[in-house]
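The values are calculated or read from the model by the stated rules, or taken from the named source; none is laboratory data. Quick caveat, the model's predicted, so the values are computed rather than measured. Don't worry about glycine lacking a Cβ; one is built from the backbone with ideal geometry, like all the others, and counts go over all protein chains shown. Only protein heavy atoms, including side chains, enter the accessible area calculation; ligands, DNA and RNA are left aside. Shrake-Rupley method; radii C 1.70, N 1.55, O 1.52, S 1.80 Å.
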Amino acid sequence: MKAGFDISPELFDAAAKEDKNAEKIRRPSIRYWPDVWRRLKMNKLAMTGLLLICILGVMSFVGTKLNGFTYFEQNYSLINSHPDSVHWFGTDELGRDLFTRTWFGVRYSLFIGIMAAFIDFFIGVLYGGIAGISGRRIDSVMMRIAEVIYSIPYLLVVILISVVFSQAGQGSSMFVLIFSLSLTSWVPMAILVRGQVLQLKESEYSLASESLGADKGWILKKHIIPNTLGPILVNVTLEIPRAIFAEATLGFIGLGLQAPKSSLGTLANSGLAGLPVGNSYQLFIPAIFISLIMFAFNVLGDGLRDALDPRLRK
Amino acid sequence: MKKYLVLVLAMLMVLSFALSACVPKAPGETPGEATPALGAEPKILRTNNAFEPGSLDPALAQGTHDSWVLDHTFEGLTKKDVDGKIVMGMAKEYKLADDDVTYTFILRDDIKWSNGDPVTAYDFEFAWKRALDKDLASDYAYQLYYLKGGEAYNTGTGSVDDVGVKAIDEKTLEVVLESPTAYFLELTSFYTYYPVNKKVVEANPDWAKNADTHVSNGPFKMTGWEHNATITLAKNDNYYNSSAVKLDGIEFTILNDENTAWQKYLGGEYDFLTPLPQAVVAQLKNEGNPELVIGGELSVYYYNLYNKMEPFNNAKIRKALALTLDRQTICDKIAQGGQLPAEGVVPFGMLDENGKEYRDGVGKLVEYNVEEGKRLFAEGLAETGFKVEDFSKFSILYNTLEAHKIIAQAAQEMWRTNLGIELQLENVDFQVKLDREKAGDYQISRAGWIGDYIDPMTFIDLWVSDGPFNDAKFNNPEYDRLVKEAKATTDQKVRMENMRKAEKILMEAMPVVPVYFYTQPYAQKPYVTGVFKPLNRYPYFIYADMNK
Amino acid sequence: MKKYLLKRVAMAIVTIWAVITITFILMHSVPGDPFRQESKMPKVVYENLLRKYGLDRPLSEQYIIYLGKIIRGDFGDSMKSRVETVNDMIRRGFPVSAFIGLEALLIAIIFGPALGAIAALNQNKWPDYISMIIAIIGVSVPSFIMGTVFIQFLARNISWLPIGGWGSFAHSILPSLALALMPLAQLARYMRSSMLEVLGQDYIKTAKSKGISNATVVLRHAVRNAILPVVSILGTVATNLIAGSFVIEKIFGIPGLGMFFITSINNRDYPLIMGTTIFYAIILVVMLLIVDIAYMLIDPRIKLTKEGR
């Protein structure tokens, strides 16, 4: 070995920790959420939605106690009576107070919708994200599995689940309902996320990050998920109404929330009968509440989306 | 930009391909097919049949949606007249031998199939034996088990030659029954006993699947069948009594949403409609609308109690449940279709040995009586050791349908207020309910029974210990004996007396809680006349007329 | 490209086989069967029926027989109808459902993204609010209410609109409108969302700063890029529309395929359950394939296959 270059063992020492992270680029996120909130506050429509959700949420607990009736007591001498000063929303075909039943309906519908949307969001993002980031082979297999799940007759699964769980005892009907509502509905979310991820994976900043040595998890967490949040949030706000709808439609088939409990969907479904005989309030009151909930979540979702997107910062 | 173009083109191709493959059929040209009287506007009665028939072959038909069409296109040896009485149809006379089981029917001379062939005794023999063929696997084959050797042949243990039906010649049909059957002439008006054209059926097994190959012997013939959309019938000029048939045709649409059908009726697209939405019946009834007719029905709505399970094995508990259900309120305020509170299990409308209403002979066997119910319930609880709270483990099982849901909620609430028990409700799909009833996996379940024929026996024999529909698992040797005895004789006095006794035993033990006797409300426009409704059939348009 | 397609087709077959197998197992594990009724049907008659339809054989044998039939393109006989085979039912019902579905899809595709684009271009101005309110009404009312209200208030009062039933183009207007509202709103919202995102991108700013007219920027750059996520949901939207909707078909009395999805299961009509499911799966798989290809065509950045480029 010739002299000239003096290679000392010290040169091979491990670098200090702080040096290792030197090339990582991280944007401080401390001021991000307050900023989002500030921008959300400026959006009047979104704030209306948020306020509406809060009011509906509170009323779904307060409203059921306001006029002294219960959701199950029947009064056969006051069947199908139109709204008046005693029964503010009228009564149904069994003489039950619709004001109380409607607020119970709001409570159950909100709960079902939010829970189902949460499950969809969780599974959909996880599944779609993994499929999108994992490369062609795994992606392809995962998407085929999603297709299979999406193709299996939904009602068959719902009936099976309800049969299996009816053995497990009563009171599980709400759980069964939420479970069966989110069984297949996470698939579109997964497909959406995967599509976004595929697109973003090829974007310049992901490539840059990759070339700087970031691993897949890091790219997913720091680049792809934040950037897909917009479409995902829109989807989640749509998922809540969609789940409320799906429950209502199951009610139309007869598999909605177990009577005598009421959801907005089962109320509207029972109210259909009142339409041709001049009791349209039985349909329109729950329908209006469904619409209010939709409206609130939709405008809030849109507002959130705009607020979350840093590129729209003005 | 090129890729854009490719994409747009591809999308367009897919769309246009799909569209061209699926241009729907041209607007229903079918109504015109019925042959109108010259110069006059054809009288086509338009109505709705809620479901597509599973078959329009009498041997394979299995429900009212099939039989409503069949009852207009076929005719049996006997038929029902306007008063609901049994009169001669394809047969002009019959003789019953002294053995009480051998009938000899003589057919009319002027009877022809819609294709012009004569209707013969051979057609009847062929039709009945065919329905009993186990390879045909007819759902209703057991309606022919009254024939000697019928069950054996259908089971595969007997020969077709031993079945008790034989054409002596073209016009003479000899029928031998397994045992005396008081209501056999009633049965021969039922659709499983309708004849089929032997020549046509042998030549083409698919004859009943299309209007062009469908051949029948009744007042109307089928001229069009667009699956799941419309069935059109035209007057059959070969029918022996065609001069009494005023309509030129009948058009059934197939649409199963009651509300939509009602809107169509209101909009003038139907002349006649049944069933009607429950709320609509109530409204029409309250305003005394003359278009509403509440037709009689031979059917009972009840709740099964699972008699093998504690505490429902206790008669006092069962009776308490029956006594505290307010049937009058359910009929008047909730069901609102003119239903009658079930005071037993046998509905109104059937006659006893003296030609009087059967129900008058038995009287009210169950009435609303909260005090008595509470007393029995307390005793029952003491005997079984159950507590009121224990009942919240039990549920009322019903199959998914809005009407059942309302009744179940009312029953739940009545039992809660009267007995203090908080039963659960559980709705499941129909097949699951049947499965759980068969398996005994229920406590209280909704059920209904429509009489197959007009005789109290069709209800009474439901609860013999080995009855196939005895899901309550009622078991009473005395009851079984009474039924068996009644079935072995044609002596009306013995039969009726036995059935009355049996019904009293049943309502003493209360294995089931009767709720109400059904009705069949229907609406007809003011210009429609001559529609009549036999008790256990859908309304008949055979003698209907329209004077617009 | 060719190789990619071949691979996808092979995979589609595996997918459909999996659907067949899972559905077969599921439907036989649900209690009930096609022949039990509220009736006095004796055991013998019941057994005759089981034998006729091969339900007395072991499940594994039924499965193999069924697979054999499927390979020959035979979906078997309906166990509830003695009139039509499952093939007949699909052949008759699908065109009807597809017709209404495509009509609805056209309405949704034409108006949905347009509405969304208008909203995005006028963010937080009145056209935005109006478009979104229209879109929100679309998603606010469940189809079973919408359908009933359409019949009660439109069909009854407009003489040339029939009240349910099937036969002419007029019959298809209300059902396809009722069917289109939901996807229309969905597409509008996706379009708005992704359009807003695109409008914030640098290349749009660059294009604008280069002096390209606003219209060109919107059409050539914004819409083209914004439509990507929209296309991704189009596959499932289209499949659901074309395969038919139980609710709409029931309310309007339309003899389509949608009814069978529910009634076949309620009746436990096994061959019809399998037939409709497989048919649906095939449409879905094909649609998703089309979407993937469309993706590839619109966005050259997506590498579905290396050989393809």
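Counting only residues at least eight positions apart within a chain, or on another chain, the aspartates and glutamates with an alpha carbon under 15 Å from that of A:LYS65 are A:GLU73, A:ASP97.
What is the sum of charges around C:ARG268, taking Lys and Arg as +1, Asp and Glu as -1, for the other residues whose C-beta is under 11 Å from the C-beta of C:ARG268?
On the way: positive: C:ARG36, C:LYS80; negative: B:ASP429, B:ASP435, C:ASP33, C:ASP269.
So the surrounding residues net to -2.
Using the Cβ-Cβ distance between B:LYS308 and B:ILE505 with R0 set to 25 Å, the FRET efficiency from 1/(1 + (r/R0)^6) comes to roughly 0.85. Put a dot 7 Å past the Cα of B:ALA488, heading toward its Cβ, do the same for C:LEU59, and the two dots end up 4.6 nm apart. With the alpha-carbon atoms of the range B:299-518 aligned to their principal axes, the span from lowest to highest coordinate is 50, 37, 37 Å, starting with the largest. Taking each of B:LYS85/B:LYS501; B:LYS387/C:LYS43; A:LYS261/B:LYS533 in turn, the alpha-carbon distance tops 30 angstrom for B:LYS387/C:LYS43; A:LYS261/B:LYS533.
Annotation: amide H-H contacts under 5 Å for B:LEU425 (H modelled 1.01 Å from N, sequence separation of 5 or more, or interchain): B:ILE396. So what's the gap between the Cα centers of the range A:206-261 and the range C:203-277, to the nearest angstrom? Their Cα centres are 18 Å away from one another.
As an exercise, use a Förster radius of 25 Å and the Cβ-Cβ distance of A:TYR205 and C:THR216 to find the FRET efficiency, rounded to the nearest 0.05.
Using R0 = 25 Å, I get an efficiency of 0.40.
Each Lys or Arg adds one and each Asp or Glu takes one away; over the other residues whose Cβ falls under 10 Å from the Cβ of C:LEU179, this sums to -2. Listed by chain and number, the lysines whose alpha-carbon sits under 29 Å from that of C:LYS205, ignoring those within fewer than 8 places in the same chain, are A:LYS24, A:LYS41, A:LYS44, A:LYS201, A:LYS221, A:LYS222, A:LYS314, B:LYS2, B:LYS3, C:LYS125, C:LYS303. Between helix A:154-167 and chain A, what is the angle of the helix's C-alpha long axis to the longest principal axis, kept within 0 to 90° and rounded to the nearest 10? In chain A, helix A:154-167 runs at an angle near 70 degrees to the longest axis.
Just to confirm a number: summing +1 for Lys and Arg and -1 for Asp and Glu over residues other than B:SER242 whose beta-carbon lies under 13 angstrom from that of B:SER242, what do you get? Spelling it out: positives minus negatives among the neighbours equals 0.
The residues of chain B have, on average, 38 Å² of accessible surface per residue, using a 1.4 Å probe with all protein chains present.
Quick one: Debye curve from the alpha-carbon atoms of chain B only, equal weights, vacuum; give me log10 I(q)/I(0) at q = 0.07, 0.08 Å⁻¹ to two decimals. The Debye formula, applied to the Cα set alone, gives -0.47, -0.61. For the protein assembly as shown, the fraction of 1.4 Å probe accessible surface lying on carbon and sulfur atoms is 61 percent.
Using a Förster distance of 56 Å, how high is the FRET efficiency between B:GLU379 and B:LYS548, based on the Cβ-Cβ distance and rounded to 0.05?
Working: r = 64 Å, r/R0 = 1.15.
E between B:GLU379 and B:LYS548, to the nearest 0.05, is 0.30.
For chain C, modelled as a GNM whose springs connect Cα atoms under 10 angstrom apart, the maximal fluctuation among C:GLU84, C:GLU197, C:GLU47 occurs at C:GLU47.
Helix A:225-253 versus the longest principal axis of chain A: what is the Cα-based angle in degrees, 0 to 90, to the nearest 10? Roughly 20 degrees between the two axes. Close amide H contacts of B:LEU298 (hydrogens built in the peptide plane, cut-off under 5 Å, sequence separation of 5 or more or a different chain): B:GLY451. Computed over chain A with a Gaussian network model linking Cα atoms closer than 10 Å, the most mobile of A:MET294, A:MET42, A:MET59 is A:MET42. Compared with the dominant Cα axis of chain A, that is its longest principal axis, helix A:173-201 is turned about 30°.
Less than 5 angstrom separates the built amide H of B:ASN115 from those of B:SER216, all sequence-distant by 5 or more or on a different chain. Modelled spin labels at B:GLU41 and C:TYR203, positioned 7 Å past Cα toward Cβ, are 6.7 nm from each other.
Taking 0.36 nm per residue of sequence separation and removing the Cα-Cα distance, the B:ASP162/B:GLU357 pair yields an extension gain of 66.3 nm. The mean number of Cβ atoms from other chains found within 10 Å of a Cβ in peptide B:156-162 is 1, as a whole number.
Over chain B, what relative contact order in percent results from Cα pairs under 8 Å that are six or more residues apart?
Relative contact order comes out at 18 percent.
For chain C, return all DSSP H helices satisfying: extent of Cα atoms along own axis at least 30 Å; mean Kyte-Doolittle hydropathy at least 0.0. Write down the numbers at each step before the final one.
On the way: long enough: C:2-29 (41 Å, 1.21); C:86-121 (49 Å, 1.45); C:169-199 (41 Å, 0.96); C:270-298 (41 Å, 2.22).
Flagged H segments are C:2-29, C:86-121, C:169-199, C:270-298.
Be a star and scan the range B:268-312 for residues whose amide nitrogen sits under 18 Å from the point 7 Å along the Cα-to-Cβ vector of B:THR529. Residues passing the 18 Å test: B:271-272, B:290-293.
Taking every residue in C:147-158, how many Cβ atoms of other protein chains lie within 10 Å of its Cβ, on average? Could the numbers behind the result be given before it?
Working: counts 4, 10, 6, 0, 9, 9, 1, 0, 4, 5, 1, 0.
Shielding by partners across C:147-158 averages 4.
When Rg and the Kirkwood Rh are both derived from Cα coordinates, the Rg/Rh ratio for the protein assembly as shown amounts to 1.02. Placing a pseudo-label 7 Å from each Cα along the Cα-to-Cβ vector at C:ILE13 and A:ASN67 gives an inter-label distance of 6.5 nm.
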